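In what follows, a single structure is set out as structure tokens and then discussed.
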Amino acid sequence: MLLGKMGLIAAMVSLLAACAGGAAGGAPEAPPSGKPAGDGTLRWFGGPTVLLERGGVRLMTDPMLGPRGPHAFVLPKHPSTGAPNADITRYVDPPEVPLGRLDAVILSHGHADHFDARAKELLPKDTLLIVAPASEANVRKAGFTNVRALDWGQSTVLEAGGSRVRVTAVPAHHSHDSALDTELGKGNGYVLAWEGDSPYVVYWTGDAMLSEELRQLPAQLGAVDLFLPHLGGVGGDGPLGLRTMDADEALQLMSLLRPRRTIPIHHTTFSHYREPVRALEQQAEKAGLGNGLQLPRDGEAIDLAR
Ligand SMILES: [Zn+2]
Ligand SMILES: [Zn+2]
């Protein structure tokens, strides 16, 4: 059963890698550095939220748009202390960047730190939401009408601004402990592959630990232009251990993926994040992997062409 599922994932991912390389006729895949200058930008809104614009397509990940303050959202059980109904602090306001038209909002999973009340208010209810199957009922209950659910290995295509982007859900295990992983629910990572003559591949982990499936992803994906790992080492100081990667795991994945650029997110903004992002910066430097690492600042437009 497991092998069957992983085989399906491998097939889907290699299909999208082939598409991203262009050329059904088998032209060699252009190296990332040889691509024409793109028009992409990424803005970090804090936590797991980025606005990604490329080739006329505008996407947002896990929108957390509420203001700073001690009651940003409530976690049913604090990942470090186990305290029930724990209020989580947001340390900084999200940047004042207009959301404008969004072609899709992509949700990794349904936890409270990934889609907040303000975002549910602000987003038009017909915004396309791409979600894990376990989240579908909840987002529909919140009034959203245009929802596509993707299980691991499944994909959908977005067409906007003259671009085609294939969005594929990939595994994201929330804990190394299988009982806790099941308790936390099944979520997604995603591969976003811009197709056509300016291909571009983004891998966004969601809340994922470094699992066997993720160790296999690099071989299936080929060149990754942009890697967006969720850090924060959430739960690392608690009795049940890590629920998101720390610098050590992220670095292992970076060394397997060798992405052209890495922009770590899901750190710094909220009080349940435990590990400062500079841990990754320091370890990547030591390991000789610091070159493509770029720490985002709230709201700064990072030019993805450089
Ligand atoms: Zn989560
Ligand atoms: Zn999270």
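The values are calculated or read from the model by the stated rules, or taken from the named source; none is laboratory data. Keep in mind the model is a prediction, meaning the values are calculated, not measured. Cβ sites come from the backbone with ideal geometry, for glycine too, and all protein chains shown count toward neighbours.
Annotations for the structure displayed:
- Cβ pairs under 6 Å, 6+ apart, first in the range 96-110 and part of a loop (DSSP other than H, G, I, E, B), second of a type in the set (A, V, I, L, M): Leu102/Met60; Asp103/Val57; Asp103/Leu158; Asp103/Ala160; Leu107/Val131; His109/Ala132
- Meets criteria (of a type outside the set (Lys, Arg) and either under 19 Å from the mean Cα position of the chain (by Cα) or within 14 Å of ligand 1 (Cβ to nearest atom) (or both)) for Gly196: no
- Qualifying residue in the range 56-75 (condition: of a type in the set (D, E, K, R), surrounded by fewer than 18 Cβ atoms within 10 Å (Cβ to Cβ) and either at pLDDT below 95 or in contact with a strand residue (DSSP E or B) (Cβ under 6 Å, 6 or more places away or on another chain) (or both)): yes
- In the range 265-277 there is no residue matching the filter, namely being modelled with pLDDT of 95 or more and either in contact with a helix residue (DSSP H, G or I) (Cβ under 6 Å, 6 or more places away or on another chain) or farther than 28 Å from Pro95 by Cα (or both).
- Qualifying residue in the range 245-257 (condition: within 29 Å of Ser163 (Cα to Cα) and within 16 Å of ligand 1 (Cβ to nearest atom)): no
- Unique residue being surrounded by 21 or more Cβ atoms within 10 Å (Cβ to Cβ), in a helix (DSSP H, G or I) and modelled with pLDDT of 95 or more when the list is Ala250, Ala193, Ala208: Ala250
- Of all residues making up the range 115-151, the number that are within 16 Å of ligand 1 (Cβ to nearest atom), of a type outside the set (Val, Ile, Thr) and under 17 Å from Pro171 (Cβ atoms): 4
- Within the range 43-61, restricting attention to residues that are part of a loop (DSSP other than H, G, I, E, B) and within 11 Å of the chain's Cα centre (by Cα), the residue that is farthest from Val165 (Cα to Cα) is Gly47.
- Filter result for Leu217 (more than 16 Å from ligand 1 (Cβ to nearest atom) and at pLDDT below 95): yes
- Residue satisfying all of: in the range 224-273; away from ligand 2 (no atom under 16 Å from the Cβ) and of a type in the set (Lys, Arg); nearest to Arg43 (Cα to Cα) among these: Arg261
- Cross-chain or 6+ apart pairs with Cβ under 6 Å, the range 162-185 first and under 17 Å from His230 (Cβ atoms), then of a type in the set (Gly, Ala, Ser) and within 16 Å of ligand 1 (Cβ to nearest atom): Val170/Gly189; Ala172/Gly187; Ala172/Gly189; Ala172/Gly206; Ala172/Ala208; His173/Ser211; Asp181/Ser175; Gly185/Ala134
- The residues listed here are Ala104, Ala112; of these, the one that is aliphatic (A, V, I, L, M), within 13 Å of ligand 2 (Cβ to nearest atom) and within 16 Å of the chain's Cα centre (by Cα) is Ala112.
- The set of residues in the range 263-299 that are surrounded by 14 or more Cβ atoms within 10 Å (Cβ to Cβ), charged (D, E, K, R) and part of a loop (DSSP other than H, G, I, E, B) comprises Arg274, Glu275.
- Residue within the range 173-183 that is within 16 Å of ligand 1 (Cβ to nearest atom), part of a helix (DSSP H, G or I) and touching a His at 6+ places or on another chain (Cβ under 8 Å) present: yes
- Residue that is surrounded by the fewest Cβ atoms within 10 Å (Cβ to Cβ) [pool: residues in the range 168-187 that are over 23 Å from Asp248 (Cβ atoms) and within 13 Å of the chain's Cα centre (by Cα)]: Thr168
- Filtering the range 124-142 for residues that are over 23 Å from Phe270 (Cα atoms), touching a Pro at 6+ places or on another chain (Cβ under 8 Å) and either within 16 Å of ligand 2 (Cβ to nearest atom) or not in a loop (DSSP other than H, G, I, E, B) (or both) leaves an empty set.
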